[in-house]
Amino acid sequence: MTEKYADIIIDISHEALDKVFQYRVPFSLQEKIVPGSRVVIPFGRGNQEREGYVISLTDQPDYPPERIKEILEISPGAVTMETRMIELATFLKYRYGSSMYQALKTVMPVKRKIRTRTKRYLTLSLSEEEAGNLLEVWKKRHYRVRCALLENLIQAPDHTVCQEDGRDYSRLSRKELARLEDQGILKVRDRVQYRNPFSTFARKEDRVVLNEEQRAAAREFAGDYSAGIRKNYLLYGVTGSGKTEVYMELISQVLGLGKQVIVLIPEISLTFQTVRRFYERFGEQIAVIHSRMSLGEKSDSYVRIERGEANIVIGPRSALFAPVKDLGLIVMDEEHDGAYKSDSSPKYHARDVAVYLAGKCNASVVFGSATPSVETYTKALEGEYTLWVLKKRGGNAVLPRVTIVDLKGEFRSGNHSIFSGTLTEKIRERLERKEQIMLFLNRRGYAGFVSCRACGTVMKCPHCDVSLTYHRDGSLRCHYCGFSTLYSRKCPVCGLPHVAAFGLGTEKVEAALASAFPGARVLRMDMDTTRAKNAHRDILAAFSGGEADILLGTQMIVKGHDYPNVTLVGILAADLSLNAQDFRSGEKTFQLLCQAAGRAGRGDKQGEVIIQTYSPDHYAVVNAADQSYENFYEEEACYRRLMGYPPWCHILVILVQSGEENQAALAVQRIQRMIAQSQKEAENPVKILNPGKAALAKLKDTYRQVIYLKHRDEETLLDLKERLQPVLDTHPLFAGVNVQFDFDPVHNY
């Protein structure tokens, strides 16, 4: 039997994850110890026994074997939270390709020392009669501050006051309060005051009555769960069908069994409305985690989750790694959304991680969407997931009327405006009727690009291989690295004053609205207007409160928002996503159009949607107008099968990055040769797809090369990655280059 060595971490904190110690695995434990195992080891000069966690195993020692100490034993007891997180990190490392350190940093919540806020509460221990008698004695002795305290305690509800409420007795020292406590006059209690960014929300007792479709889903889930069956489910329901009401019913069932729940949402912009609805149902059991919260707010959320004071965690994909101790259910709303795929290594997809985590915790997963991803819907059709379908909108709402406007015809008729004649007429009607409008354009800025009309030079970012976007404040900005420069009409190449902005952005639409509809109140919502903390909440609250007639924005406005007075949605340029260099472009376009259309007519008033496009006959546009997911899926599935795309085939991306262009290109050539050599004897070899420059060939002064690998069997690709990764990490030929892997990519490179 060969020797095995374990890399072990002692201190499980975000700052100490890179401090790894190597120990020999005894032969007697080699079959029992796996990544995540909690073990007892001799530590330090005195060989004091400490507990640690195994993060990886190897047969290669880092030091002379005679200097490496041996693991003493596996720690007894139940699986810990740390063990679960290390197992999860091991899964991320294997499936998505990263270092163990990167995976651990992803799954371990940041533990920073944030000062806890507390308030001191004083409660009267005497009867009112005894307190009154004591008050008379203190008055005679002129104990002014003590008398003020005792009078307030007698009059206060429950005879309890907060010392920090600004009255005279707030100056009483802890020592003096302790003396009064020892005398049996009062009790002193310090209570933690959690930072709550949603303190304005209130719980409501009224409940929405579920319709028969919703009740059927809830009954099936309850039956499975009570029988100990943990399935994964897809809740496919048209926009406005009440998926959130089903989620809350399922969550209520799980909470009743003493379990905890994670609710995933794709966008921070959805936090305000989602949390409000869940808070109205479940009150202070809610904890929220997202990147716009302060460190203190995040820290308090983690503390409440760890202590079991919060049983429902709401947040984006990182909420999967919250310290939930007794997980019973994961809900993934808008499961199709690309935001669930991480852009940094490990490039994990929250959908796959949720299924893995639920399996480890004996929990269920519920995916929800009006436009499910092709991958998830396929698994539901094949029986891997249980499919629930909601075809009816809640209440009296009906699906909106949808009109497709061919922009080619508008141009031929002489209309060169951003708004078609039909959309202009419909906007005027809604403004006259005091109804609200949402306009969707998936591009921020004033114009898409800036170029010279004389020589054709496009103004590009000096650090990234992308064109700069013109903004109305006179700046040219890169939306990848943040580079900014002033706009000038003089061309830097030919010197002529013919530089102009082309294309369409949200700022330009905002200016056009002000010109075409001077009295309209417009709110713009994109990355530029939502940088500040609570900006999402403030904009949406203003629109919900009727402070604006038109909400203009990018895709963050089309997901999950519910405004009964919105009766018109205008989709200004459906082709922006349709013409992207991405095999998922049809799916993404269909999903965006359906989600945007779903914002109209969610109350008692009939909704209407105008889709402006140059491709009125494309199956994604036609089926979105018909709100027919099934027809779209049939055509998209046929295309994917024919071309060999996920889920009928799998793709592994190898991204090579370097500050030197030649170095990145040479590294890709070497990797390609290594892969080709490894596949010579394979019966069914991996297909290599045109290695070379990435579509975004330069990003933040880093040159990018990419290799796409395709195979029907995902294990074949994962095995190839496992054999490649150690060589790429350690071989001197690849020194100075950064290599990342992405399995079944969602975003284009």
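What ratio of Cα Rg to 2.2 N^0.38 Å holds for segment 381-431? Present the calculation step by step, with values, prior to reporting the outcome.
On the way: Rg = 19.0 Å, N = 51, 2.2 N^0.38 = 9.8 Å.
Rg over 2.2 N^0.38 Å, computed on Cα atoms: 1.94.
Run the lone-cysteine check on the chain: no other Cys C-beta under 4.7 Å from the residue's C-beta.
That list is Cys147, Cys162, Cys361, Cys481, Cys594, Cys638, Cys649.
Pop out the carbon and sulfur fraction of the accessible area of the chain as a percent, whole number, probe 1.4 Å. Don't jump to the answer; show the numbers that get you there.
Working: 16380 of 34210 Å².
The C+S portion of the solvent-accessible surface of the chain is 48 percent.
For the chain, with every protein chain kept in place, what is the accessible area per residue (1.4 Å probe, Å²)?
Values: 34210 Å² over 749 residues.
With the other protein chains kept in place, the chain gives 46 Å² per residue.
Given q = 0.10, 0.13, 0.19 Å⁻¹, what are the Debye log10 I(q)/I(0) values for segment 324-475, with equal point scatterers placed on the Cα positions and solvent ignored?
-0.74, -1.02, -1.20
Just to confirm a number: summing +1 for Lys and Arg and -1 for Asp and Glu over residues other than Val39 whose beta-carbon lies under 15 angstrom from that of Val39, what do you get? Please report the intermediate quantities before stating the final value.
Numbers: positive: Lys4, Arg24, Lys32, Arg38, Arg50, Lys69; negative: Asp7, Asp11, Glu31, Glu49, Glu51, Glu70, Glu73, Glu82, Glu87.
For residues surrounding Val39, the net value is -3.
Quickly work out the Glu660-to-Ser318 label distance, labels modelled 7 Å from Cα along the C-beta direction, and quote it in nm with one decimal.
Result: 3.5 nm between the two label points.
Throw me the Rg/Rh for segment 323-385, computed over C-alpha atoms with Kirkwood Rh, two decimals.
Numbers: Rg = 12.2 Å, Rh = 12.5 Å.
When Rh is taken as the Kirkwood radius, the ratio is 0.97.
I'd like the FRET efficiency for Ser585 and Glu715, computed as 1/(1 + (r/R0)^6) with the beta carbon distance as r and R0 of 22 Å, rounded to 0.05.
Working: r = 28 Å, r/R0 = 1.29.
That pair, Ser585 with Glu715, gives E of 0.20.
Run the numbers for Thr2 and Asp604: contour at 0.36 nm per residue of separation, minus the present Cα-Cα distance, in nm.
Details: separation 602, 0.36 × 602 = 216.72 nm, distance 7.24 nm.
Fully extending the segment from Thr2 to Asp604 adds 209.5 nm.
What area, in nm² and to one decimal, does the C-alpha convex hull of segment 657-749 cast on average over all directions?
Numbers: hull surface 24.1 nm².
Averaged projected hull area, Cα only: 6.0 nm².
Suppose accessible area is computed on protein heavy atoms with a 1.4 Å probe; arrange Glu87, Glu66, Glu3 from highest to lowest. All intermediate terms of the calculation are to be shown ahead of the outcome.
Details: Glu87 45, Glu66 150, Glu3 70 Å².
Of Glu87, Glu66, Glu3, the descending order of accessible area is Glu66, Glu3, Glu87.
Per the Cauchy relation, a quarter of the hull surface: what is the mean projected area of the convex hull of the alpha carbons in the chain, in nm²? Let's see the in-between values first.
Values: hull surface 173.8 nm².
That works out to 43.4 nm².
The values are calculated or read from the model by the stated rules, or taken from the named source; none is laboratory data. Bear in mind that the values here come from a model prediction, so they are computed numbers and not experimental data. Neighbour counts are summed over all protein chains in view; Cβ atoms, including those assigned to glycine, are modelled from backbone coordinates with ideal geometry. All accessible areas refer to the heavy atoms of the entire protein, side chains included, with ligands and DNA or RNA removed. Shrake-Rupley method; radii C 1.70, N 1.55, O 1.52, S 1.80 Å.
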